[in-house]
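Asker: I have a structure I would like to understand better, so I am pasting it below and will then ask my questions one at a time.
Just so it is clear, none of the values below were taken in a lab; they were calculated from the coordinates. From a predicted model like this one, the values you see are computed outputs, not experimental measurements. Here the Cβ is made from the backbone with ideal geometry for all residues, glycine too, and neighbour counts use every protein chain on show.
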């Protein structure tokens, strides 16, 4: 049994296509070149959205090279390609629907929302014990004096 | 030890017909896991694009304050470590365990270099007060959304650095097995799978580098 499996394995290994070290090194050189290209493109003066598009395109080319050559999907089993492409497709779906939502949002009101009414201190109900003010002090400009201090004024 | 100079492969689990069958299953399992990793990072990338849409000026300002030199150096380090891992896989597949060992150790060293550079960058950010959320006190970013950029920056690069640490541990583990000459043309799946994980770490950085440092 052991010898038959070893023979079958050796046979399969012999039939298995592999990437030569020269190809791996060439791929690395191309990847370094593309990194330089990403850097170069980022230094060109153009609108920021073009920069974003160029950076993503070059990154996609680099990822394809890494996946096909370093990760052996070029010669690998088809099922592994399906797994990786599916996960990438799900990433794109998530990205597309979220960005479609964020990109098409609009202001819900068709007029300016009126500012919050300013509460007049004189209109406050009298007889409240210190620190029991019904309107929080300093609400509009962040953490302000504590309600205890406000009650003393 | 066989005549060729490597250890006998571990016994084949009874539910596999051949060793190649077993290796293909191990590879398939690893790819499924990598699929889940892609989805983990997908959430972070979507977060990046959403917040970038809300706060474009602060993302541009903050991006200019990251060290382009260190980011580019880290990119080259990771690309080169991916090459050495791919070469280690090739050597392990041909039973050249000692070559594979040294190539894997070179990859681990480059991973450590990457983390050191990242630590330098983080230290600089801590001194500047370029920090996430309520810890933000960096006066040079005036547009709204600076603290949000650093949430995205620290979370994405932090999770990536965690993956680098896990990847280095896996590579060290398979390197010690290479030193013991465990791999041969019929059994090299651990080197291949640890390598696949390392390449994924590289893939994530290929996207993070331009999005954070260049755009």
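Asker: Could you state the number of Å between the C-alpha centres of the stretch B:180-215 and the stretch B:55-128?
Answerer: If you average the Cα positions of each part, the centres end up 11 Å apart.
Asker: For the stretch B:137-215, what is Rg from Cα atoms divided by 2.2 N^0.38 Å, rounded to two decimals?
Answerer: That ratio works out to 1.59.
Asker: For B:170, A:31, what's the fewest-to-most ordering of other Cβ within 10 Å of each Cβ?
Answerer: Least crowded to most crowded, the residues run B:170, A:31.
Asker: What average number of partner chain Cβ atoms lie no more than 10 Å from the Cβ of the residues making up B:81-87?
Answerer: So the per-residue partner count for this stretch is 5.
Asker: Let me ask something else about it. Measure off 7 Å from each Cα along the Cα-to-Cβ vector at residue B:15 and residue B:162, then give the distance between these two points in nanometres to one decimal.
Answerer: Calculated label separation equals 3.1 nm.
Asker: Also: Kindly put B:96, A:62 in sequence by how many other C-beta atoms sit within 10 Å of each C-beta, fewest to most.
Answerer: Ascending Cβ contact count within 10 Å gives the list B:96, A:62.
Asker: What list do you get for B:98, A:105 if you sort them by fewest beta carbons within 10 Å?
Answerer: Listing B:98, A:105 from fewest to most nearby Cβ atoms yields A:105, B:98.
Asker: Helix B:97-128: angle to the longest alpha-carbon principal axis of chain B, degrees 0 to 90, nearest 10?
Answerer: It is inclined by approximately 10 degrees.
Asker: Enter the mean number of other protein chain beta carbons within 10 Å of the beta carbon of each residue in B:24-36, as an integer.
Answerer: Averaged over the peptide's residues, the number is 4.
Asker: Right, next: Using just the Cα positions, wrap the stretch B:121-161 in a convex hull and report its mean projected area in square nanometres, one decimal place.
Answerer: Taking a quarter of the hull surface, the average projection is 2.7 nm².
Asker: Set the Förster radius R0 to 45 Å, insert the Cβ-Cβ distance between residue A:118 and residue B:60 as r into 1/(1 + (r/R0)^6), and round the FRET efficiency to 0.05.
Answerer: It comes out at approximately 0.75.
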